[in-house]
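S.K.: Below is one structure. I have some questions about it.
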Amino acid sequence: MGDANASQSRLYEWLTGDEDSRMCRDISEAACREQPGNFFRHLLASLGNKLADELSSARLVLPWLLGAIGAPVWMVGLLVPIREAGALLPQVLIAGVARRLPQRKWIWVIGGLIQAFSAALLAALALLGHGGLGGALVLAVLVALSLARGLSSIATKDVLGKTIAKQRRGNLMGWSGSVAGAVTLAAGAVLMLFNDRPGELALAVLLAVAALGWLVNAACAAAIREEPGATEGGESAWQSLGEGIARLRRDRAFQRFNLARALLLSSALALPYIALLGQHQGGAQLGGLGVLILVSGLAGMIASPVWGKRADASSRRVMRDAGLAAAVCCLAAAAVAWAPGAWSATIWPYALLYGALVIAHAGVRLGRKTYVVDLAGAEDRALYVALSNTLTGVLMLLVGGLIGALAQWIGSAALLLVLAGCALAAAFCAHGLPEVES
């Protein structure tokens, strides 16, 4: 047992670049002793979650599911807003309840189990669903899955802050993102084996594997050794919301962070439009889509560890640099779309720019996750994360609809210029944020 613990500590030190796994900041001595083991439990939990997310993607798998069961086309447009906003909007209401519990990992476990059950229901609908009723049931299950994702998200960051020290969290998220990239790579390779699109049985298998991924996530969360924390400040949902708004008014750094995060939504919103431009150039079949998935997986493997190490040094700079990179990608994609001749006649230039934007978006995600966890104190972390996510969820619903209407009016390429401007503004805003790692 001692040898196993020593090997685990050595592997932890190698992954984090830490010369002494017992050196910790901003967590207790008892949590510090458990940090190497908890690091790997977090890593495995993240792997299960990322695998499940990829195999139940609202941008990839669920649209095929609706098409396979013959659901109305307009339902496809609801998938991404439900998936993202459903996970973000209720979080500030959950935060007050979470603060009443000495161990927040059990909220995470419940969220993982609900997501696993929802994915299993989606797998059943792939085999049994049909038409508008089947599509409506898919959307209803997706609502439950997204709300459960919100439960897990708020608890995950809170438990992370209690069990992993500062200047180690970004590294952990970086390695988990790298593993997720490898999973995406494998998923893309499998999907390219199909000539057109997966049939009902293939979709059911993908969603069943997603359910297993969330079961792994819940099991690893339950195994994390989390010390009981303070329960002072536990409030009702509406008290929590009121306190969160009051904190937002007082904390100028938190205000600026949320403005930067809102503008950085441009990196996520640009991804499907670059893919759409590529699909218009012969990539509409699964082979072209598989190319995008493979490029996305490779980009995730390359990007996440680099961004993770940089986020531990300065998450503010990561947000800034990722915003600049996103702006360049959007501008380049628009230029390719308007270029004459062979440059814009194949999917490959769009696939390369899609991969570059995936790298930038990984920086956006890692930077803002690390920043908000390090910005808040231990007693306020759940509230800050939840309020920021809720504000982002509201914006996603409002801006997502506006962006869709704008794309219909001016076209995808012109829209990318607008998103490039938002990304540049985000970089400027992030540059003015205070450092929180020191």
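The values are calculated or read from the model by the stated rules, or taken from the named source; none is laboratory data. Keep in mind that what you see is a predicted model, and the values were worked out from it rather than measured. FYI the Cβ positions are ideal-geometry reconstructions off the backbone, even for glycines, and counts take in every protein chain you see. Surface areas here come from the heavy atoms of the whole protein model, side chains and all, with no ligands, DNA or RNA. Shrake-Rupley method; radii C 1.70, N 1.55, O 1.52, S 1.80 Å.
S.K.: Count, please, the residues in region 263-292 that happen to be under 16 Å from Ser412 (Cα atoms) and modelled with pLDDT of 75 or more.
M.R.: Of the residues in that region, 12 qualify.
S.K.: Continuing with the same structure: Return yes when Gly355 is of a type outside the set (Asp, Glu), farther than 30 Å from Asp251 by Cα and modelled with pLDDT of 75 or more and no when it is not.
M.R.: Values: of a type outside the set (Asp, Glu): yes; farther than 30 Å from Asp251 by Cα: yes; modelled with pLDDT of 75 or more: yes.
Taking the combined requirement at face value, the residue satisfies it.
S.K.: All but one of (1) open to solvent by less than 50 Å² (accessible area, probe 1.4 Å); (2) under 25 Å from Gly161 (Cα atoms); (3) modelled with pLDDT under 80 hold for Leu101, so report the exception by its number.
M.R.: In the conditions (1) open to solvent by less than 50 Å² (accessible area, probe 1.4 Å); (2) under 25 Å from Gly161 (Cα atoms); (3) modelled with pLDDT under 80, Leu101 misses (1) alone.
S.K.: Spot the failing condition for Ala71; the list is (1) open to solvent by 20 Å² or more (accessible area, probe 1.4 Å); (2) at pLDDT 75 or above; (3) not in a helix (DSSP H, G or I), and only one is missed.
M.R.: Only one criterion in (1) open to solvent by 20 Å² or more (accessible area, probe 1.4 Å); (2) at pLDDT 75 or above; (3) not in a helix (DSSP H, G or I) is unmet by Ala71, namely (1).
S.K.: When region 322-375 is examined, which residues are found to be closer than 15 Å to Ser296 by Cβ and of a type in the set (Lys, Arg)?
M.R.: Across region 322-375, the qualifying residue is only Arg365.
S.K.: Condition check: over 19 Å from Ala360 (Cβ atoms), open to solvent by less than 70 Å² (accessible area, probe 1.4 Å) and at pLDDT 75 or above. Does Ala253 satisfy that?
M.R.: Working: over 19 Å from Ala360 (Cβ atoms): yes; open to solvent by less than 70 Å² (accessible area, probe 1.4 Å): yes; at pLDDT 75 or above: yes.
So Ala253 fits the description; yes.
S.K.: Can you list residue pairs whose Cβ atoms sit under 6 Å apart, with the first residue in region 421-436 being assigned to a loop (DSSP other than H, G, I, E, B) and the second being open to solvent by 60 Å² or more (accessible area, probe 1.4 Å) and not polar (S, T, N, Q)? Count only pairs 6 or more apart in sequence or on different chains.
M.R.: From residues that are assigned to a loop (DSSP other than H, G, I, E, B), the pairs are Leu433/Arg256.
S.K.: Answer yes or no as to whether Ala124 is open to solvent by 10 Å² or more (accessible area, probe 1.4 Å), at pLDDT 90 or above and either among the acidic types (Asp, Glu) or in a helix (DSSP H, G or I) (or both).
M.R.: Values: open to solvent by 10 Å² or more (accessible area, probe 1.4 Å): yes; at pLDDT 90 or above: yes; either among the acidic types (Asp, Glu) or in a helix (DSSP H, G or I) (or both): yes.
Against the criterion (open to solvent by 10 Å² or more (accessible area, probe 1.4 Å), at pLDDT 90 or above and either among the acidic types (Asp, Glu) or in a helix (DSSP H, G or I) (or both)), Ala124 qualifies.
S.K.: Conditions: (1) at pLDDT 80 or above; (2) surrounded by fewer than 20 Cβ atoms within 10 Å (Cβ to Cβ). Arg197 meets all but one. Number of the miss?
M.R.: (1)
S.K.: For region 145-154, state whether one or more residues are part of a loop (DSSP other than H, G, I, E, B), at pLDDT below 90 and within 24 Å of Ala386 (Cβ to Cβ). Show your work before the answer.
M.R.: Kept after step one, since they are part of a loop (DSSP other than H, G, I, E, B), are these residues of region 145-154: none.
No - not one qualifying residue is present in region 145-154.
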